[in-house]
Amino acid sequence: MESIRIIDYSADLQPYFESINKAWIIANFTLEPIDVAVLEKPQENIIDQGGTVIFAELDGEIVGTVALKYYEEGVYEMTKMGVVPAAQGKKVGWSLAKAILEKAKTMYAEKVVLYSSRKLVPAINMYRKLGFKEVVPEAGKYSRCDIKMEVEL
């Protein structure tokens, strides 16, 4: 079994964060201005705001990424999770999600929220297995999102 290595953000990894996420968003939805801003400048829009970004490496290749964005005191948003098609089905998303939730605990998060689309059935199923529960979303976060989920840590 190939082992997945989790790597913290560094500026040289930004292009992977951008390309992996833009690929799945464009394939399934429409890239929105908020996506472009966050993906092109994660240091400014996630890390400098109190969040973090991690990556999954498999066989020496960066194959996935996810971010944890500061939301409000004690609450973070899990966002921008993507896995390259060639690595899907290899537990990369699961490894990233488990790692980012562990990281959230070290950042004193009490709760992690996420916004997704019911169209992304495998992702929604994974979130449920991780303990996320559906809650009523506030309007206007992203046009593609029709479900908000959260997990207490």
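Structure notes:
- Whole-Hz ³J(HN,Hα) from phi, Karplus 6.51 cos²θ - 1.76 cosθ + 1.60, for region 29-36, glycine and proline x: 9, 10, 5, 9, x, 5, 4, 4
- Accessible-area composition of region 6-153, carbon plus sulfur, in percent [1.4 Å probe]: 52 percent
- Summed side-chain charge close to ILE47 - residues other than ILE47 whose Cβ falls under 15 Å, Lys, Arg +1, Asp, Glu -1: -3
- In a DSSP loop and with at most 15 other Cβ atoms within 10 Å, the GluC sites (Glu not before Pro) in region 98-139 are GLU110, GLU138.
- If only the Cβ of Lys and Arg carry +1 and only the Cβ of Asp and Glu carry -1, the dipole of the chain around its Cα centre is close to 640 debye.
- Each of VAL113, PHE55, ILE6 was placed along the dipole of the chain (beta-carbon charges, centred on the mean Cα), and the one lying farthest toward the positive end is VAL113.
The values are calculated or read from the model by the stated rules, or taken from the named source; none is laboratory data. Worth saying up front: this structure is predicted, and the values here are computed from it rather than measured. So basically every Cβ, Gly included, is an ideal-geometry build from the backbone, and we count neighbours across all protein chains shown. Protein only, heavy atoms only, side chains kept; ligands, DNA and RNA dropped before computing areas. Shrake-Rupley method; radii C 1.70, N 1.55, O 1.52, S 1.80 Å.
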